[in-house]
1. Within the stretch 56-76, can you find the residues that are open to solvent by 50 Å² or more (accessible area, probe 1.4 Å) and touching a residue at least 24 places away in the same chain (Cβ under 8 Å)?
2. Mind checking whether some residue in the stretch 94-103 is open to solvent by less than 40 Å² (accessible area, probe 1.4 Å) and modelled with pLDDT under 90?
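The values are calculated or read from the model by the stated rules, or taken from the named source; none is laboratory data. Owing to the predicted nature of the structure, the values given are computational and were not obtained by experimental measurement. Counting neighbours? That spans all protein chains shown, and the Cβs are built from the backbone with ideal geometry, glycine included. For the accessible areas, the whole protein counts, side chains as well, though only heavy atoms, and no ligand, DNA or RNA atoms are used. Shrake-Rupley method; radii C 1.70, N 1.55, O 1.52, S 1.80 Å.
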Amino acid sequence: MTTKQGLVAVGIALLSTTAAAGAHHGFSSEYDEKKPVELTGVVTKLEWTNPHARFYIDVKDATGEVTNWNFEMASPNVLMRNGWKPNTLKVGDQVTVGGYLARTAPRMAIAGAITDANGRPLFASTQADLGR
């Protein structure tokens, strides 16, 4: 390999890793640590996908109106290393979720803590996911 070919290969490698790193968002670009939220609702949907698992809950307000909220969690791999299985949360489960509101999307947040209907805490996100 010539020096020129080597430099081209290194340049391509650097560009591809930079693009991959930029594709993953940071906490502060998506979520606002000054806007904590805690909601209780019923799980309506689960997405066990990369790069982040998600779940959705129906939340009833004081007037009885129901809104659906989208919560981001850690990746499925991180969740499994912390004891999760794809069926740890099930559609119909009641949960209380604490987290931080998204900066731009309505009714979206990152889950920092989840408590099931029996009061059992469930891991949701790493400290890095929460910008710490």
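1. Going residue by residue through the stretch 56-76, those that are open to solvent by 50 Å² or more (accessible area, probe 1.4 Å) are 58, 60-63, 65-66, 68.
Scanning the stretch 56-76 gives a single hit, N68.
2. Checked against the condition, which is being open to solvent by less than 40 Å² (accessible area, probe 1.4 Å) and modelled with pLDDT under 90, the stretch 94-103 yields no hits at all.
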